[in-house]
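Inspection log for the structure reproduced underneath, given as structure tokens.
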Amino acid sequence: MDYVPHTPEDQRQMTEIIGIKTVDELFADIPERYKLKGLLDLPPGRSEQEVATLMKGISSRNAVPPITLMGAGAYNHYIPAVVGHVISRSEFYTAYTPYQAEISQGILQAIYEYQTMIAKATGMQVANASMYDGASAMAEAAVLAAKTLSREKIVIVRSVHPEYRQVVGTYAWANGYEVVEIPYGKSGQLDRDALSNAVDDRTAAVLIQTPNFFGVVEDIAAIEPMVHAKGALLVSAFTEATSLGILKPAGEMGADFVVGEGQGFGNPMNYGGPYLGIFASTDKFLRKIPGRLAGATVDKEGKRGFVLTLQTREQHIRRERATSNICSNEALCALAAAVYLVSLGKNLKKLAELNIRKAHYLKSRLSELAGWEAVFTAPVYNEFVIHCPDPKMANRKLEAAGIIGAYDLEKDYPELGNSLLFCATEMLTRDDIDRVVSLVA
Amino acid sequence: MELIFEKSRPGRTATTIPEADVPEVAITDIINKSLLRDDVDLPEVAEVDLIRHYTQLSKRNFGVDVGFYPLGSCTMKYNPKINEEVSRLPGFTSLHPYSPVKFSQGSLQIMYELRQYLSEIFGMADFALQPAAGAQGELTGVMVIKKYFEKKGQKRTKILIPDTAHGTNPASSALCGYSVVTVRSNAEGGVDIGQLRELMTKDVAGLMITNPNTLGLFERNIEQVSEIVHRRGGILYCDGANANAFMGATKPGDLGIDVIQLNLHKTFSTPHGCGGPGSGPVGVRKDLVRHLPVPRVIKKGKRYDWKYEFPDSIGRVKTFYGNFNVMVKAYTYIRSLGPGGLKKASETAVLNANYIKERLRAWYDLPYDRICMHECVFSGKRQVKESGVHTSDIAKRLLDYGYHPPTIYFPLIVPEAIMIEPNETESKETLDAFCDTMIAIAKEAKENPELVKSAPLTTVVRRLDEVKAAREPDVCWGRV
């Protein structure tokens, strides 16, 4: 199946008008010795029916678990039916970036509404149209801070998602910046003494995460003065978007940038992507932030309409002087998030409360088991770290029951040996939780 | 049209949340009140209002499924529906990225085999699938170059980029600390070989070319270009945005390309989703494979696994493994077309572009008059001179006729550029109707220029005030 509509007669007429005998003549600019003589060594093309069967077969080699206890940056949430319905409308999914505003009012308005909802949820004044994912949004915020302040040191807390720290490390290395890691304290919140020692007048940005990788909620109001006292910028990240429904937003507590992973807002786990990078800032950075921005304006008759705006920030205008190279983003994932947020409305808080209660119940039940003990004392959202006698055995038992177990922290945090990071969302019923507890007991 | 916020009425909702089946502990007993917020001020609408809102918005949006979309350099080919359907199988959508590998063998198989297919199509030793989009692929590719010289202990500070390049090329290079030096084009639209020879010094890390370039022209002197860059120890990077021109016809790896990034959302038919998600795999020659991002899928016997330990890797550019669900669609596409279908796709894309070039050459200026590849670039200079009608006016007039306009004012070296990429999935009737319309607009520009300048007349909004949008930015409702 090749999706080419030409009949031999079409092709004959077209080559005649072009003035060639064979299509091969159109490839004359390719040096002869580099032209492929035979076909590529690939499996032969197939009919739609055969391909459908093939792909169903491959998908069945994945096992969709009835219960997922894994969070750690990707979250299993219920997605209302309206989300899939809206993003399946092909007027949206088969369009390019809305360069031609008059025939792209649909997505431009939807993105403007998305930006507004994200600004409200993060407590910021400006949100862009999306980044690739939470980690690249964090890395771009760090790069922007460094370029804006002409400082080359980035301070990051060890309780930031390990993969976010790796991505920040890669971007920082490429730009020639220094990254300093500071520890978390006994409570699971960042170590404030270490922060105060690390931040100096060379520091461009302090990168924190709340809830952090351990699910622990950070006290941003206490951190903010320590960062700004040295003129550095505070980048507050989140990996679990639904927490914005109940936790006081970092934007209301003095963060300069709020970045994070928007997957939890109506995007499936998709084995890791596509996800949704959320990027929000204060007004001060409006003309500097990376990525697309939809803005309201009027047409020549005074009617409200929307355009991509402040494009002089972007690579296609600024080229090597741009602070970011982003072009394509995750617009359809942002649309999914917008539909999700409209669908939930005020119920977003209720959903967040449900997540807290489920995690609290799972944590309480596991803590009753001999040798199982919560590691951190600070409050958590829907994830928590628990010390247990044999994490590998616990996960093996869960896997044997077809359950995706908890995140084993040993690899990234050897100092937390024998600890698991559990996540409980609204998708777990009380029966599921009781079953999990009885399996690992 | 009203905003969703303007439709909101307190007390309405489009969803219900299950009642808690676990003990009702007070939230403030778990999290201190000082860390909690009030409600987020989100719209409150009924489900039917939500659906009507977004359905109305969708009707104000133009996609490939609505009509012809010859947006140059964007490869807006038809997006086969089977790709969408299989990508929505729960086995692909519902899996957590940290699932044990025994639960994710299907996903790993797709990534492993997709890398193999891309390596074969482009003649590279291997690919990394982690980058989320073309620009991130570029950034990753330049990082690979930086790591390569770092490991060799060579300090190279510049990257050469032709004047026809996409803006992402210089931006990606700058983000890796390179200074950018522009190479001009010669009279026939290729790289100026004399200048390249001069500029390609020992402190230059490499050349980033786009081939075919953004004029839609294949670099005839590619052998010389490769020889000049390699003789000075440089890396030849190819922006693969235009790869739809040569699948099955030639392999970049054979042409001397050391690093290439692709756009699965262009060449391999995955839909662009109003701006994303994309997917930007990076392919490299053999000795650069060790610098690609981690982790990488490996195969042991019949089982696939993740491997994280590659000490010379640049590291990680994205969480997890890339835009997996986009890869499923590209994989499905390659399995549908096979080697014969891919070759035919590229041949037809090139045929269609040359057909449009022939049909319009009498009506619009053709700054580089030679065989083109998958796209052709005209100039609206004649229309400006004759009647003051600019390329932007012609583009807006096309909206009235029901077309998405071509890319305009790019590449920068062509004044009043009109860059047309028809793609292989369009029929002769579609191409003819589009050409007839372009000819009609050329006539209108002569006979009734004011009509063209006042276009569009039939869209839901007329031309929008972009200056006002930039001077008085309103990017968040209720804040202006």
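What follows is calculated from the coordinates using simple rules that are stated; it is not laboratory data. Quick caveat: nothing in here was measured; it's all calculated off a predicted structure. Counting neighbours? That spans all protein chains shown, and the Cβs are built from the backbone with ideal geometry, glycine included.
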Checklist entry - For segment A:145-195, what does the alpha-carbon gyration tensor say about shape, rounded, prolate or oblate, given a ≥ b ≥ c as the root eigenvalues, a/c under 1.5 as rounded, and a/b over b/c as prolate? => result oblate
Next on the checklist: Below 16 Å, Cα to Cα, which lysines can B:Lys300 reach? Residues fewer than 8 away in the same chain don't count.
Outcome noted: B:Lys102
Next on the checklist: If I take R0 = 30 Å and measure r between the Cβ atoms of A:Thr377 and A:Glu152 in this structure, what FRET efficiency does the formula 1/(1 + (r/R0)^6) give, to the nearest 0.05?
Outcome noted: 0.25
Item to check | Reachable lysines, given that their alpha-carbon falls under 16 Å from the alpha-carbon of B:Lys81 and they are not under 8 places away in the same chain | outcome: A:Lys56, B:Lys266, B:Lys329
Checklist entry - B:Leu412 to B:Lys307: FRET efficiency via 1/(1 + (r/R0)^6), r the Cβ-Cβ distance, R0 35 Å, to the nearest 0.05? => result 0.25
Checklist entry - Could you give the distance between the Cα centres of segment B:423-480 and segment A:400-441, to the whole Å? => result 55
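Say R0 is 45 Å: what FRET efficiency, to the nearest 0.05, do A:Arg202 and A:Thr53 get from their beta-carbon distance? Walk me through the numbers before you get to the answer.
Working: r = 60 Å, r/R0 = 1.33.
After rounding, the FRET efficiency stands at 0.15.
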Next on the checklist: In whole Hz and in residue order, list the ³J(HN,Hα) couplings for segment A:86-102 that follow from phi through the Karplus curve 6.51 cos²θ - 1.76 cosθ + 1.60, θ = phi - 60°; x for Gly and Pro.
Outcome noted: 5, 6, 8, 6, 6, 4, 8, 6, 9, 9, 8, 3, x, 6, 9, 4, 4
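Sort segment B:115-257 into rounded, prolate or oblate with this rule: let a ≥ b ≥ c be the square roots of the eigenvalues of the Cα gyration tensor; rounded if a/c is under 1.5, and if a/c is not under 1.5, prolate when a/b is larger than b/c, oblate otherwise.
Details: a/c = 1.42, a/b = 1.05, b/c = 1.34.
Cα axes put segment B:115-257 in the rounded bin.
Using Cα pairs closer than 8 Å and at least 6 residues apart in sequence, work out the relative contact order for chain A, in percent. Write down the numbers at each step before the final one.
Details: 811 pairs, mean separation 88.4, N = 441.
20 percent.
So for chain B: antiparallel DSSP bridges make up what percent, rounded to the nearest 5?
Expressed as a percentage, antiparallel bridges in chain B total about 55.
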Checklist entry - Which pairs in the list B:Lys146/B:Lys202; B:Lys381/B:Lys428; A:Lys349/B:Lys33; A:Lys303/B:Lys468 are over 18 Å apart, alpha-carbon to alpha-carbon? => result B:Lys381/B:Lys428
Item to check | Helix axis angle, A:430-440 relative to chain A longest principal axis, alpha carbon, degrees | outcome: 70
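Using a 10 Å cut-off on Cβ to Cβ distances, tally the other chain neighbours for every residue of B:44-56 and report the average as a whole number.
Numbers: counts 5, 3, 1, 5, 1, 1, 9, 6, 0, 6, 13, 5, 2.
Shielding by partners across B:44-56 averages 4.
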Checklist entry - Where Lys and Arg each count +1 and Asp and Glu each count -1, what net charge lies around A:Ala352 among other residues with Cβ under 14 Å from its Cβ? => result +1
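Which semi-axis lengths, in whole Å and largest first, follow from the square roots of five times the eigenvalues of the Cα gyration tensor of the protein assembly as shown? Don't skip to the answer; put the middle values down first.
On the way: eigenvalues 396, 185, 149 Å².
They are 44, 30, 27 Å, listed largest first.
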Checklist entry - If you average the sequence gap of Cα pairs under 8 Å that are 6 or more apart and divide by the length of segment B:82-336, what percent do you get for the contact order? => result 28
Checklist entry - Tell me, how many Å apart are the Cα centres for segment B:183-198 and for segment B:108-127? => result 33
Checklist entry - Using bins 10 angstrom wide from zero, how does P(r) for segment A:187-319 break down, in % of all Cα pairs? => result 11, 32, 32, 19, 5, 1
Next on the checklist: When a/c reaches 1.5 or more, the comparison of a/b and b/c decides; with that in mind, is segment A:8-52 rounded, prolate or oblate per its Cα gyration tensor?
Outcome noted: oblate
Checklist outcome for this item: Taking max minus min of the Cα coordinates of segment B:82-336 on each principal axis, largest first, gives extents in Å of 55, 38, 31
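Percent antiparallel among DSSP beta bridges with both residues in the protein assembly as shown, to the nearest 5? Mind showing how you got there, number by number?
Numbers: 49 of 84 bridges.
That works out to approximately 60 percent antiparallel.
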Item to check | Cα Rg, Dmax (largest Cα-Cα span) when computed across segment A:76-115, Å | outcome: 11.9, 38
Checklist outcome for this item: Simple spin-label estimate for B:Thr182/B:Thr157, 7 Å along Cα→Cβ, in nm, reads 2.1
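Taking K and R as +1 and D and E as -1, what net charge do the other residues with C-beta under 15 Å from the C-beta of B:Leu366 add up to?
0
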Item to check | Positive-end extreme of charge dipole, segment B:82-336 - chosen from B:Ile110, B:Leu215, B:Tyr331 (charges on Cβ) | outcome: B:Ile110
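Taking every residue in B:277-288, how many Cβ atoms of other protein chains lie within 10 Å of its Cβ, on average?
Details: counts 16, 6, 3, 3, 0, 0, 0, 0, 0, 0, 0, 0.
For this peptide, the per-residue mean of nearby foreign Cβ atoms is 2.
Run the numbers for B:Glu120 and B:Ser454: contour at 0.36 nm per residue of separation, minus the present Cα-Cα distance, in nm. Walk me through the intermediate numbers first.
Values: separation 334, 0.36 × 334 = 120.24 nm, distance 4.98 nm.
Contour length minus Cα-Cα distance gives 115.3 nm.
Tell me the net charge near A:Glu91. Cut-off is 15 Å between Cβ atoms, A:Glu91 excluded, with +1 for each Lys or Arg and -1 for each Asp or Glu.
On the way: positive: A:Arg89, B:Arg52, B:Lys59, B:Arg60, B:Lys81; negative: A:Glu102, B:Asp65, B:Glu84.
For residues surrounding A:Glu91, the net value is +2.
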Item to check | Computed helical MRE - 222 nm, chain A, DSSP H runs ≥ 4 contributing -39500 (n - 2.57), nearest 500 | outcome: -11000 deg cm²/dmol
Checklist outcome for this item: If every Lys and Arg gets +1 and every Asp and Glu gets -1 at its Cβ, then about the Cα centre chain B yields a dipole, in debye to the nearest 20, of 1460
Checklist entry - Which percent of Cα pairs goes in each bin when the distances of chain B are cut into 20 angstrom slices starting at zero? => result 21, 48, 28, 3
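I need to check one value: relative contact order of segment B:152-193, counting alpha carbon pairs closer than 8 Å and at least 6 residues apart, in percent. Provide the component values of the computation, followed by the final result.
Values: 43 pairs, mean separation 16.9, N = 42.
After rounding, I find 40 percent.
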Next on the checklist: To check my understanding: the extent here is largest minus smallest coordinate of the Cα atoms along each principal axis. What are those three numbers for chain A, in Å, largest first?
Outcome noted: 82, 52, 50
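Within segment A:250-326, which trypsin sites (Lys or Arg not before Pro) sit in a loop by DSSP and count at most 15 neighbouring Cβ atoms inside 10 Å?
Values: sites: A:Lys284, A:Arg287, A:Lys288, A:Arg292, A:Lys300, A:Lys303, A:Arg304, A:Arg313, A:Arg318, A:Arg319, A:Arg321; in loops: A:Arg287, A:Lys288, A:Arg292, A:Lys300, A:Lys303.
Here the trypsin sites (Lys or Arg not before Pro) that fit, given the DSSP loop and packing criteria, are A:Arg287, A:Lys288, A:Lys300, A:Lys303.
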Checklist entry - How far apart, in nm, are two points set 7 Å out from the Cα along the Cα-to-Cβ line at B:Glu198 and at A:Glu178? => result 4.1
Next on the checklist: Please list, by residue number, every one of the chymotrypsin sites (Phe, Trp or Tyr not before Pro) in segment A:68-138 that is coil in DSSP and has at most 15 other beta-carbon atoms within 10 Å.
Outcome noted: A:Tyr78
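Could you give the size of the charge dipole of the protein assembly as shown about its Cα centre, using +1 on the Cβ of each K and R and -1 on the Cβ of each D and E, expressed in debye and rounded to the nearest 20? Walk me through the intermediate numbers first.
Values: 105 positive and 108 negative charges, 239 e Å.
Here the size comes out at about 1140 debye.
Give the percent of DSSP beta bridges with both residues in chain A that are antiparallel, rounded to the nearest 5.
Rounded to the nearest five, the antiparallel share is 55 percent.
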